[in-house]
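Here is the structure we will look at.
The values are calculated or read from the model by the stated rules, or taken from the named source; none is laboratory data. These numbers come from a predicted model, not from an experiment. Please note: Cβ atoms are built from the backbone with ideal geometry, for glycine as well, and neighbour counts cover all protein chains shown.
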Amino acid sequence: MNNFIEYHLHLDELTVDLNHTAPLLGYQDVLPDDVRAMVDDVFNETAGCFNICGGYRIFDSVHFNEDDKRIRIEETEFSPDKIVYHQLKRSEQIAVFVCTAGEEISLWSKKMMSEGDPLKGFIADILGSVVVETAIDAIQQKLYDEMAEAGLKITNRYSPGYCGWVTAEQHKLFSLFPKNICGICLTDSALMLPIKSVSGFIGIGANVRFNPYTCQLCDALNCVYRNRKSKSYQRTL
């Protein structure tokens, strides 16, 4: 089994843009000053509630079946639907990733809601989503740097549950990892626990490309991340 490259990140290591909470709070790009102040307060209160762990395992044994748009990684076959398939099909390798913000932020959110402060609880829940996405951004940057050393490129990351890729395939994805990787487990319905966790594929190869904008490829009109610009990756020295 190829090694899983694991990272434990502290919140201080991440550049968390609190304006990324805006679409989830009903605003377009930037929070109004009064709302930003509330988000700042909750972010400061919950700073100790993140136990961030993530990483990836790179697979060399990858096969693409153009007829039925399936991807086989070693002996496991995936049906990620045509959008994800076409974005990955030029890959020579695939990095299968997971990342979690930990369960503490969700527990804090539930505590606030049960104690009569649902707004704080709601903001904390959103912050958990933003932090885990920021964490996997940082890990994807590390992958980019590693591949750039070898003269290779990476794609955007793609997750079950988006772009037509059914969530149930999480079970196949997690079969490629040791049990309870980064403290994450799956329910029978393929829900990740802790809730604030992400997983998916990143393509690697000489002929793949990273798309700054990907929403035009996807038909999920009600996605909360729709029309949000993808993070760009560049070589860090």
Practice problem: Would you please list the contacts, defined by Cβ atoms under 8 Å and residues six or more apart or on different chains, that run from a residue in the stretch 29-43 that is within 17 Å of residue 120 (Cβ to Cβ) and in contact (Cβ under 8 Å) with a residue 60 or more places away in the chain to a residue that is of a type outside the set (Asp, Glu) and not in a helix (DSSP H, G or I)? | Solution: 39/31; 43/16
Quiz item: So, in the stretch 181-194, of the ones that are touching a Gly at 6+ places or on another chain (Cβ under 9 Å) and within 13 Å of residue 51 (Cβ to Cβ), which residue ends up surrounded by the fewest Cβ atoms within 10 Å (Cβ to Cβ)?
Solution: 183
Quiz item: Restricting attention to the stretch 17-55, which residues are outside any helix (DSSP H, G or I), of a type in the set (A, V, I, L, M) and surrounded by 18 or more Cβ atoms within 10 Å (Cβ to Cβ)?
Solution: 22, 31, 52
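Which helices (runs of 4 or more DSSP H) sit wholly inside the stretch 63-161 and have at least 3 residues that are among the acidic types (Asp, Glu) and modelled with pLDDT of 95 or more?
Numbers: elements: 81-88, 104-114, 118-149.
Because the criterion is at least 3 residues that are among the acidic types (Asp, Glu) and modelled with pLDDT of 95 or more, the helices (runs of 4 or more DSSP H) in the stretch 63-161 that meet it are 118-149.
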Quiz prompt | Scope the stretch 1-16; condition surrounded by 11 or more Cβ atoms within 10 Å (Cβ to Cβ) and of a type in the set (D, E, K, R); matching residues | solution = 6, 13
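Taking residue 58, is it in a helix (DSSP H, G or I) and either surrounded by fewer than 15 Cβ atoms within 10 Å (Cβ to Cβ) or among the β-branched types (Val, Ile, Thr) (or both)? Steps first, please.
On the way: in a helix (DSSP H, G or I): no; either surrounded by fewer than 15 Cβ atoms within 10 Å (Cβ to Cβ) or among the β-branched types (Val, Ile, Thr) (or both): yes.
No, not satisfied.
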Quiz prompt | Single residue of the stretch 195-237 satisfying the filter (surrounded by fewer than 17 Cβ atoms within 10 Å (Cβ to Cβ) and of a type in the set (Ser, Thr, Tyr)) that is modelled with the highest pLDDT | solution = 232
Quiz item: Among the residues of the stretch 81-100, is any surrounded by 21 or more Cβ atoms within 10 Å (Cβ to Cβ), within 16 Å of residue 11 (Cβ to Cβ), touching a residue at least 60 places away in the same chain (Cβ under 8 Å) and not polar (S, T, N, Q)?
Solution: yes
Practice problem: Would you check if there is a residue in the stretch 111-128 being touching a Gly at 6+ places or on another chain (Cβ under 9 Å), of a type in the set (D, E, K, R), touching a residue at least 60 places away in the same chain (Cβ under 8 Å) and buried (at least 19 other Cβ atoms within 10 Å of the Cβ)? | Solution: no
